[in-house]
Amino acid sequence: MKKEELLHLKEELKKEIAKRERIKELLQDSHVQELITLTSTNYSKFIKDDYELLLKILKDYKITNTNNIYVVTSAYYSEFILCDSLHHNVPIDSEKVEGKNYVNIESKQLTQAWISEQAYDGRIKTNEFERDNIVLNPYNTSDNNNGYEEVRREFLENAIKYGEEESKKLLLKKYPRLETK
């Protein structure tokens, strides 16, 4: 993301943290506690951790320039039965793989790429995509999106604390990159 975008996210997060602290103060008031009791309000939904606040901010914010770091979230092969195409998930490094899904850790943009050497209908080839981007493969499985949410959380939290470059270094040190064939 651009430096201005990161600064904006930090500022918005600071505002949300201030709101959270004010909510905590108000919850100590006896009148507010009475209101909560009378209305059976679940006040815990107002007390979010910093990452939940950041996700709330990102829901309405578009990151325009990313570091091109992706997690390969699934791999599959297709089977055609009576004019229907069925996709079967397989391990990321399976010999059967025909296509892969990648998700950008900053923008959540999904990209699909295909093993086939024939790039038709504007489809992206996996070898080109993996060559041109940083693709992480945390657990080598299609289960649980291959740890995508964990990687994204770590990147965003570290970017807020230490800056993007340091966050990127920490990710590359911790998570294996996808080995291209």
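Structure above, values below:
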| read-out | value |
| --- | --- |
| Residue-normalised accessible area of the chain, expressed per residue, 1.4 Å probe, Å² | 64 |
| Computed accessible area, Ile17, all protein chains, 1.4 angstrom probe, square angstrom | 50 |
| Mean separation of Cα contacts under 8 Å, 6 or more apart, over the residue count of the chain: relative contact order % | 20 |
| Asp50, Asp60, ranked by accessible area, largest first (probe 1.4 Å) | Asp60, Asp50 |
| FRET E, pair Lys3, Leu172, Förster distance 25 Å, beta-carbon r, rounded to 0.05 | 0.80 |
| With all protein chains modelled, accessible area of Lys45 [1.4 Å, Å²] | 130 |
| The chain - mean residue ellipticity at 222 nm from DSSP helices (-39,500 (n - 2.57) per run, n ≥ 4, rounded to 500) | -13500 deg cm²/dmol |
| Accessible area of Ser40 in the full protein assembly, 1.4 Å probe (Å², nearest 10) | 100 |
| Percent accessible area from carbon and sulfur atoms, segment 136-178, protein chains only, probe 1.4 Å | 45 |
| Accessible surface of segment 1-91 [probe 1.4 Å, protein heavy atoms]: carbon and sulfur percent | 54 |
| GNM top mover of Asn104, Asn42, Asn67 - the chain, alpha-carbon springs below 10 Å | Asn42 |
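The values are calculated or read from the model by the stated rules, or taken from the named source; none is laboratory data. Not measured: the values here are computed from a predicted model. Cβ coordinates were reconstructed from backbone atoms using ideal geometry, including for glycine residues, and neighbour counts include every protein chain displayed. Just so you know, the surface numbers come from the protein's heavy atoms only, side chains and all, with ligands and any DNA or RNA stripped out. Shrake-Rupley method; radii C 1.70, N 1.55, O 1.52, S 1.80 Å.
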